[in-house]
Amino acid sequence: LYDGRRITSEQRDEAKELAKRRLAGEPAQYILNTACFYGYDFYTDRNVLIPRFDTEHLAEKAIEETKKLDSPFVLDLMTGSGAIACVIKLNCPNATVYATDISEDALNVARKNAETLGADINFVLGSLFEPLGELKFDIICSNPPYIPTKDIEKLDGEVKDFEPMLALDGGEDGLKLYREIALNAKNHLNEGGLVILELGIGQLDSVKELFAADFEVESVKKDYNNPPVDRVLTLRLKK
């Protein structure tokens, strides 16, 4: 709020520049370099997807399941800003948390957030499970890109023109990354381990089918949209 003090010419010019960026459609979270997620402020820039309220349902479920374990090993695939990994660690301090991303720029943002928030995360550069060797986890969670390529142009300009395409484009049908996770997750889970996934609109049945050979559906969590969307799918590795 304005406190009656005069602003300097430098402050005036900075305000004008910020206003120009907003008028051009750039999201406020990038302009101000901050986004709130699960009650924490995260640094954000155009190298990472802006953390969204819908993804808090995924984080909430991951925290709930992590708290049930004594010494849990948790993996956040395609971590982006690190928001999911950080809130899991901050709410489950006994957990060992790994987070991967194929983008070094994204990991730099995630590392910055983890350091600022005091979250001890093991960040690993690489595609999905590739850089993890033979590591196994109790819980694997992910909010993968799930927008079909043909639908990218239909997105709001604040999204398609500013957010990283790498974090949006899920391939021809939006399921490319789910297929890769379904194919490899069983090799990186301890017995009875969980996979927790965020879903796009109308993707529940297709994703369930991709995992049916090796996983059982544990739960489906809806979001607060009207009508609600099946947003979080939790799967358990079959015995």
### Message
Given the criteria basic (Lys, Arg), without any contact (Cβ under 8 Å) to a residue 12 or more places away in the chain, out of contact with any Phe, Trp or Tyr (no Cβ under 7 Å at 6 or more places or on another chain) and open to solvent by less than 80 Å² (accessible area, probe 1.4 Å), does Lys154 qualify?
### Response
no
### Task
Answer with yes or no whether Gly39 is loosely packed, with under 12 Cβ neighbours inside 10 Å and either at positive phi or modelled with pLDDT of 95 or more (or both).
yes
### Restricting the stretch 106-123 to residues that are open to solvent by 50 Å² or more (accessible area, probe 1.4 Å) and either in contact (Cβ under 8 Å) with a residue 40 or more places away in the chain or among the hydrophobic types (A, V, I, L, M, F, W, C) (or both), the residue that is farthest from Tyr40 (Cα to Cα)
Asn108
### Query
How many of the residues making up the stretch 212-239 are open to solvent by 30 Å² or more (accessible area, probe 1.4 Å), in a strand (DSSP E or B) and within 30 Å of Leu155 (Cβ to Cβ)?
6
### Filter result (touching a helix residue (DSSP H, G or I) at 6+ places or on another chain (Cβ under 8 Å) and open to solvent by 40 Å² or more (accessible area, probe 1.4 Å)) within the stretch 42-66
Tyr43, Arg46, Asn47, Leu49
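For (1) out of contact with any His (no Cβ under 7 Å at 6 or more places or on another chain); (2) of a type in the set (S, T, N, Q); (3) touching a residue at least 60 places away in the same chain (Cβ under 8 Å), each residue gets a yes or a no:
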position	(1), (2), (3)
Ser9	yes, yes, no
Ala28	yes, no, no
Ala35	yes, no, no
Gly39	yes, no, no
Leu49	yes, no, yes
Lys61	yes, no, yes
Glu65	yes, no, yes
### Message
What's the number of the only condition in (1) more than 19 Å from Ala95 (Cα to Cα); (2) modelled with pLDDT of 95 or more; (3) open to solvent by less than 50 Å² (accessible area, probe 1.4 Å); (4) of a type outside the set (D, E, K, R) that Ser142 fails to meet?
### Response
(1)
### Summary
Among (1) over 18 Å from the mean Cα position of the chain (by Cα); (2) of a type outside the set (D, E, K, R); (3) modelled with pLDDT of 95 or more; (4) surrounded by fewer than 21 Cβ atoms within 10 Å (Cβ to Cβ), Ser103 falls short only on (1)
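Any idea which of Glu209, Glu172 is out of contact with any Asp or Glu (no Cβ under 7 Å at 6 or more places or on another chain), at pLDDT 95 or above and either more than 22 Å from Thr79 (Cβ to Cβ) or surrounded by fewer than 14 Cβ atoms within 10 Å (Cβ to Cβ) (or both)?
Details: Glu172 fails: at pLDDT 95 or above.
Going through Glu209, Glu172 in turn, the sole match is Glu209.
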#### Entry: Among residues of the stretch 212-239, those that are modelled with pLDDT of 95 or more and of a type in the set (Phe, Trp, Tyr), counted
1
### Message
Out of everything in the stretch 164-173 that is small (Gly, Ala, Ser) and within 16 Å of the chain's Cα centre (by Cα), what residue ends up being nearest to Ile147 (Cα to Cα)?
### Response
Gly170
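The values are calculated or read from the model by the stated rules, or taken from the named source; none is laboratory data. Computed from a prediction, not measured in an experiment: that's the story for all the values here. Cβ coordinates were reconstructed from backbone atoms using ideal geometry, including for glycine residues, and neighbour counts include every protein chain displayed. Just so you know, the surface numbers come from the protein's heavy atoms only, side chains and all, with ligands and any DNA or RNA stripped out. Shrake-Rupley method; radii C 1.70, N 1.55, O 1.52, S 1.80 Å.
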